[in-house]
Amino acid sequence: MANKTSDSSVSSPDPKPGATDSLWQPSWLHWLISALSGTVEIEKETARLKQENAKLAEKEKKLEESNRRLLEIDKKYATVKPKSDIN
């Protein structure tokens, strides 16, 4: 007795040209949307970090100015300090 091919494989129609494209497209489209979403999120995070860095740079500049003024005051105090304080 010879092995018989199943009826389902014999009767199954040949796939039409482009039929596999419909199966491929959603996964490709999903990948594209995911990639673009990731890009958008990265750009948002980059913009937020740039803004935060600008604020920190401004605070640093203010601190440096305050430190400079404090050093000037300290120098003035050291030169004006009465001799009686030294003893």
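The values are calculated or read from the model by the stated rules, or taken from the named source; none is laboratory data. From a predicted model like this one, the values you see are computed outputs, not experimental measurements. Cβ sites come from the backbone with ideal geometry, for glycine too, and all protein chains shown count toward neighbours.
If you go through segment 11-43 and keep only what is hydrophobic (A, V, I, L, M, F, W, C) and at pLDDT 60 or above, you end up with Trp28, Leu29, Trp31, Leu32, Ile33, Ala35, Leu36, Val40, Ile42. Among the residues of segment 71-84, are any at pLDDT below 85 and surrounded by 10 or more Cβ atoms within 10 Å (Cβ to Cβ)? Yes: one or more hits.
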